[in-house]
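Taken together, the values in this text are just the output of simple stated rules run on the coordinates, not laboratory data. Keep in mind that this is a model prediction, so the values were computed, not measured. Cβ coordinates were reconstructed from backbone atoms using ideal geometry, including for glycine residues, and neighbour counts include every protein chain displayed.
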Amino acid sequence: MAPHSGISLHGKIKPKALFKLRYQTAKKFQIPCPSNIALLNTYQKLIKAKKIKPNAFLEKQLRTRPIRNLSGVAVIAVLTKPHPCPGNCLFCPTQKNIPKSYLKNEPAVMRAVLNNFDPYRQVKHRIKALHLNGHNTEKIELIIIGGTFSALSKSYQTRFIKRCLDAMNNKTAKNLEEAKKLNERASNRCVGITIETRPDWIDLKEIKNLRRLGVTRVELGVQSIDNKILDYNCRNHTVEDTIKATQLLKDAGFKICYHLMLNLPRSNPEKDFLTFKTVFTDPRFQPDQIKLYPCVVVKESNLYKFWREGKYHSYSQKETTELIVKIKKIVPSYMRIVRLIRDIPTTEIESGNMVSNLRQLLKEQGVKCQCTRCREAREKTINPKDLVYSKIEYPTLGGKEMFLQYTSKDKQTLFAFLRLRLPVWKNSEFLKSLKGMALLRELHTYGQLASIGKSAKYTQHQGLGKKLLIKAEKISRENNYSKMAVIAGIGVREYYRRLGYKEMNDNEYLVKNI
Ligand SMILES: [Zn+2]
């Protein structure tokens, strides 16, 4: 691919043409066909050596899995060490030395085991792998998995997150506070931290703890909203716990993802559908995201015995597909279906859903899902004059939620959105410092990952985020809020400071007089 090869790198090359060119070049020079990664490495070396000029289009083509970066953020999932889970769920696999509910040959788990669950090494490993694949890691969403995070000791939680940040910062800080501070201007900025926990572990104390750690999103193991089903599956929490946790988290500005299961023992397709209908419309629920996965029978779970004894049946493939199609048809456009099928290798599944390409299947059937994931812009670009602004308002327990968005005219392509909460703060002494403030829970723009601080050609940083923020401030003012608080991830604090937001006394939210 060097300039002297006589093949011009300028102009646009379609993926197919690039493939052909690669093949022909390999044939001409009698060498094996080079991989995209190898080409990208050489390309970057040549740019560094100033032998060729950057070509954004070619670079994009050479990224093997561009989709991972298209929402603008590189995702890094790390696992906490195996620890006793407070639950004893019927369907949950338990393997030796693996955190409960996870299986040893899931990709993230394999990585964690390889690194002995060391947070620093897991993050370093992943950053390196992302770079090798040609991905940018300037913005990282850290996802901490491995079961109920809240059940781990406070000192382990603190050390774990500190070490993750150390790895991003390339520097060992004295303590968590220093690691957070360093990360605000690091080259790998942590723009959000997600943990997973059970609804019955969320109270005011835990929320303060999560904020101290820099957590911005909580995945709740809701599984079902039927107390009888929860009870039968030994979940040891109730739907009331879910309702309470949902409100508390929203009132503190967190983004919430529900984990929901289909085909749980004692449920059926009708009941499951009703669950989703309720979760999507009832003001007591309404999470921002959902992860839904059909219950599957794996050998290391108690459910395996039930299934062997004929006390449990998996839905047929047809039933599962039909159910998911029905759910996708009614998902509100402000919600995100994070994933459909759990990443369990099919070899581990004794009974249950084995279609791992369900999303593709739905697409083929022409089912249009309105969720934010299905609508996000990805590689699409748009002429600014064709952008349309709209606002969706929906009631939730404890306050009004607003979803502001920039889309294409038909609203099928999403370029940016913002989640604004106007809390009631009626009967609660809850998080006193936030009283009287509107809450900015999420601001997201889509498009190719644009470098922080550089001018961008793509969707990101075209000022759509800022435009939405101004609209949200105006709406809040009109609703008699004099301040706006934002639950800013560590790595986006600088962004908000530039827009006039300042630290409060407790340091965990950024606030602006509006
Ligand atoms: Zn969707």
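Can you sort Phe160, Phe57, Phe273 by how many other beta carbons sit within 10 Å, fewest first?
So the ranking, lowest neighbour count to highest, is Phe57, Phe273, Phe160.
Can you list, largest first and rounded to whole Å, the semi-axes you get for the range 108-173 by taking the square root of 5 times each eigenvalue of its Cα gyration tensor?
So the three semi-axes of the range 108-173 are 21, 14, 11 Å.
Report the local net charge at Ile225: Lys and Arg +1, Asp and Glu -1, summed over other residues whose C-beta lies under 12 Å from its C-beta.
Taking every other residue near Ile225 into account, the sum is 0.
Among residues other than Leu46 whose Cβ falls under 15 Å from its Cβ, what is the net charge (Lys/Arg +1, Asp/Glu -1)?
After counting each charged neighbour, the total is +4.
Can you tell me how the range 218-375 classifies by the Cα gyration tensor, rounded, prolate or oblate, using a/c under 1.5 as the rounded cut?
oblate
Say the dipole of the range 110-224 comes from +1 at the beta carbon of Lys and Arg and -1 at that of Asp and Glu; which of Leu142, Ala129, Ala173 then lies farthest toward its positive end?
Ala173
Just rank Arg189, Arg308, fewest to most, by other beta-carbon atoms within 10 angstrom.
Arg308, Arg189
Which value, in nm² and rounded to one decimal, describes the direction-averaged projected area of the C-alpha convex hull of the range 142-237?
The orientation-averaged projected area of the Cα hull of the range 142-237 comes to 6.5 nm².
Considering only Cα-Cα distances, which of the following residue pairs are longer than 21 Å: Lys139/Lys244; Lys380/Lys471; Lys27/Lys60; Lys124/Lys174? List each step's numbers first, then the result.
Values: Lys139/Lys244 32 Å; Lys380/Lys471 24 Å; Lys27/Lys60 24 Å; Lys124/Lys174 19 Å.
Distance filter (> 21 Å) returns Lys139/Lys244; Lys380/Lys471; Lys27/Lys60.
Read phi for every residue in the range 107-120 and hand back ³J(HN,Hα) as whole Hz from Karplus 6.51 cos²θ - 1.76 cosθ + 1.60, θ = phi - 60°, with x for Gly and Pro.
x, 5, 5, 4, 4, 5, 4, 4, 9, 6, 6, 6, x, 4
Within the set of other residues whose C-beta is less than 12 Å from the C-beta of Ser153, count the net charge using Lys and Arg as +1 and Asp and Glu as -1.
+3
Neighbouring Cβ atoms within 10 Å as the yardstick, rank Asp251, Asp410, Asp118 fewest first.
Ascending Cβ contact count within 10 Å gives the list Asp410, Asp118, Asp251.
For the residue pair Lys205 and His83, what label-to-label distance in nm results when each label sits 7 Å from Cα along the Cα-to-beta-carbon direction?
In this crude label model, Lys205 to His83 measures out at 1.5 nm.
Measure up Lys162/Lys512; Lys205/Lys400; Lys205/Lys291; Lys48/Lys363; Lys205/Lys328; Lys208/Lys466 against 30 Å on the Cα-Cα distance and list the ones that go over.
Flagged as over cut-off: Lys48/Lys363; Lys205/Lys328.
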